[in-house]
Amino acid sequence: MPLTHFLHRYELNYYFLTSNHHFTHPRLLQPLPVPSPLKSSWSSDPDPLNARVVPLQHGSDEYQKVTEAFRQTLDKGPGVLPNTRMSNGPPCPDLKIKGVSRIENLGLWQSYAAKKQSMLTRAKAEGVDSSNYEVEWSFHGCGPDVVPLIIQRGFNRSFCGKNATFYGKGVYFARDASYSAHPTYARPDSNDTQRIFLCRTLKGEVCKGVRDGIQPDVRVQSNGTLYDSTTNNLSDPIMWITYHDAQAYPEYIVEFR
């Protein structure tokens with residue numbers, strides 16, 4: 001059983017159990033290192049209780065990597081718009097980036113890493129290919145009132161339903177930044193500044209979503225195992241909808257107008 005204590009994870013050994021299943025001498029093994037999405041770039045002393053928002057230096061390698069991923073469907077296209085149609089040209093040719101920040105939330109990352117490991121362990125037991133379970137870049141636009149909640153608490157499903165629940169009552173992540181950057185989702189503040197999260201998402205096993213569905217379909221009838229997420233189109237998905245709060249990590253936030 002994994003236990004977390006600040007910056008270390010431990011594995012509890014249940015070998016020492018009495019016949020009536022009461023603990024006698026539980027043994028703590030060596031600490032397991034906590035993973036981080038970009039270990040070399042995270043702060044050396046992440047706060048175990050509070051999220052830290054770290055502005056990236058303009059022109060740094062990390063800044064360039066994030067902005068290139070963000071602009072891929074905005075400047076060059078093709079990118080999908082909220083009407084699910086492909087844009088004829090760059091959807092946002094004049095978009096100006098105001099800033100990019102890295103989000104260091106140790107608790108959220110630990111939850112995400114644990115969820116990923118759980119899904120990979122299940123896939124191995126089932127003999128299923130899990131190589132495409134994680135989406136490295138997905139996008140989530142939201143209003144300024146929700147941004148601090150996501151940074152501190154992650155993608156809580158109680159935030160869903162403000163825009164649409166056509167493919168299920170989960171949290172929506174777009175394949176293309178052009179979709180999430182639309183003002184319908186990335187609602188501007190009083191200064192016309194918009195915000196979009198660049199996320200890591202665990203789509204896992206995916207099924208077609210249904211309007212107002214509260215969970216994915218059952219995947220394994222014998223034990224009731226569900227699919228991990230839903231989508232709009234299995235052959236050419238432009239979005240993934242998750243139903244477990246630890247299935248996505250808000251790795252970066254971009255401010256633009």
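For the stretch 217-257, the alpha carbon convex hull comes to 111 Å³ per residue, rounded to a whole number. Spacing of the modelled spin labels on residue 58 and residue 236, each 7 Å from Cα toward Cβ, amounts to 3.8 nm. The residues of the stretch 118-230 have, on average, 47 Å² of accessible surface per residue, using a 1.4 Å probe with all protein chains present.
Sorted into 10 angstrom bins from 0, the C-alpha pair distances of the stretch 112-237 split as 12, 40, 34, 12, 2, 0 percent.
The values are calculated or read from the model by the stated rules, or taken from the named source; none is laboratory data. Just so it is clear, the model here is predicted, and its values are computed rather than measured. Here the Cβ is made from the backbone with ideal geometry for all residues, glycine too, and neighbour counts use every protein chain on show. For accessibility, only protein heavy atoms count, side chains too; no ligands or nucleic acids. Shrake-Rupley method; radii C 1.70, N 1.55, O 1.52, S 1.80 Å.
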